[in-house]
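What follows is calculated from the coordinates using simple rules that are stated; it is not laboratory data. Note that this is a predicted model, so its numbers are computed, not measured.
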Amino acid sequence: MLKRSLHIAWLLTVATLFVIAVALTAARLWVPSLADYRYDVERAAGEALGRDVTVGRMQATWRGLHPVLKLRNVVLRQPESAEQGFAVDEIWLRLDVGHYLRHREVSFAGIDVIGADLELVRDESGSLYVEQFRDLGSGDGDALAVLAGMRRLALHESVITFRDEQKGHAPRRFSSVLLSLTNNGDERRLTGHAWLPGDIGYRLNLDALFTGSEPDVRTWQGRAYIKGQQLSLPSLLQYWQPEVVVRGIADLRLWVDVDAGRIGDVSSELDVRDLY
């Protein structure tokens, strides 16, 4: 009896593995054919990004167990706008297979943007926004909430220029920027790093964990850890005490508590060398 039960269990295991193998093979054959659906992809990407999207080249591939569309030479334009579009080297779109199988409609579970040149602006009122997407949170679809609610949203090998209209400081350029937002239920993990402008320092690292049931960042709460390496003290202090004459290099570690999208308690550690 035991031998018969083991034999049946073995046959069921083999059958299950065979079905899984056939399903994966069929899926891998099906994914390259998605590259032919350029119009559907451009439309779905445009809805997710809140822009009209034009794709130069498109390739369907796999990343682990997830089918991915690689869009190259992508141009994003505001709808019904004659202005020159915003160009991106490459965008990776992770397909939501479950949604496609249920509705026969292309939808995305994650977006990776590679090689973007963005401008972060703090205007005279103190509002902070990305110039290329300053109206992203407006309108019926609220594309900003759609992006923040995805399982994964990432920015790779990009450049961010910070323009401070409120303080009137010279623009600062941050290169090799990596930012990644991963959502798992109500838990939201934000990580990243960037090379700093040469007169400010060497590198900035970020690791933050938030909770929030809504995609709106103004409802999130949690803590962020920020590490600045080899920071120039004159550049660092100009924002607080511009009249102070000081020289030196500092490594800075900050722990920032965030509640309902607002900064609460801040604690820090500072290592200084070559102080004058």
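Tabulated data
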| read-out | value |
| --- | --- |
| For the range 165-248: rounded, prolate or oblate by the Cα gyration tensor [a/c cutoff 1.5] | prolate |
| Potential lengthening between Arg122 and Arg172 on full extension [0.36 nm per residue; Cα-Cα distance subtracted] | 16.8 nm |
